[in-house]
Structures are given as structure tokens and as C-alpha cells.
Amino acid sequence: MDTVFYIDLNIKKGTDFVSYGRFYIGNSSRVAKRVFDSMQGTTDAPEESVIRLDLVEVVKGVPQTIRMMSCTLEQVAENCKAITKETFKRFSLGF
């Protein structure tokens, strides 16, 4: 498995972002993008937000952020719920 996808949860600290959580999405680009597209938030100026979600592709150990989204606290809560539900379906039920 040379390529994997994660969704990183980041919060702004000063001028930088600090990662405080990570969801493993699997190795399918199609699934990772579908999950990310289904989440709540906005892609307008995520670097100016306080809470940001990053879709990260790791190829042969090298991570690259391919998309970003800014969220409110309520949206992060709903997104974590949706990601967990999708992960459960894929890994526990074989969907």
C-alpha cells in the first residue's frame, strides 16, 4: 500500500496550525474525495480560519495536503460523526 489518505483536524495557534486529530480514510482516492466533499464547511480562505480540516494524501511516506476546508465547532462535530460512520461502514460492514 503505497498511497493512503487522511483527514487531519487542525486548530490555529498564533499564525500556525496545530494538528489535534487524524482520521485514516483508506487508500482509495475516490472514497477519500467523496468523504471530504460530503463534509460541512467552506473552502473559501481556509488558511484564515480557526479550525481547518485537511485532506492529506501520503505517497510512499510523503504527505501532501490536497484540499482544505474551514469549519465552525458545530461543523467539526458533525464532520467527525460523518467520518466515523463512513469508517465504520467501510471497515466493519465491508461497504
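The values are calculated or read from the model by the stated rules, or taken from the named source; none is laboratory data. Just so we're clear, the structure is a prediction, and the values are computed from it rather than from any experiment. Because the Cβ atoms are built from the backbone with ideal geometry, glycine has one as well, and the counts that use them run over all protein chains shown.
Would you check which residues across the range 1-40 are among the small types (Gly, Ala, Ser) and over 9 Å from the mean Cα position of the chain (by Cα) and list them? Across the range 1-40, the qualifying residues are Gly14, Ser19, Gly21, Gly26, Ser28, Ser29, Ser38. Close contacts from the range 72-95, counting a first residue that is over 17 Å from Leu9 (Cα atoms) and a second that is surrounded by fewer than 11 Cβ atoms within 10 Å (Cβ to Cβ), with Cβ to Cβ under 8 Å and a gap of 6+ residues or different chains, come to Lys89/Phe95. In this entry, Ala45 is excluded by the filter for residues that are of a type outside the set (Val, Ile, Thr) and within 28 Å of Ser92 (Cα to Cα). Take the conditions in contact with a helix residue (DSSP H, G or I) (Cβ under 7 Å, 6 or more places away or on another chain), modelled with pLDDT under 95 and of a type outside the set (Val, Ile, Thr) and apply them to Gly26. Does it pass? So Gly26 passes the test.
Here Val50, Val59 are screened, and the one residue that is in contact (Cβ under 8 Å) with a residue 12 or more places away in the chain, more than 21 Å from Asp16 (Cβ to Cβ) and over 12 Å from the mean Cα position of the chain (by Cα) is Val59.
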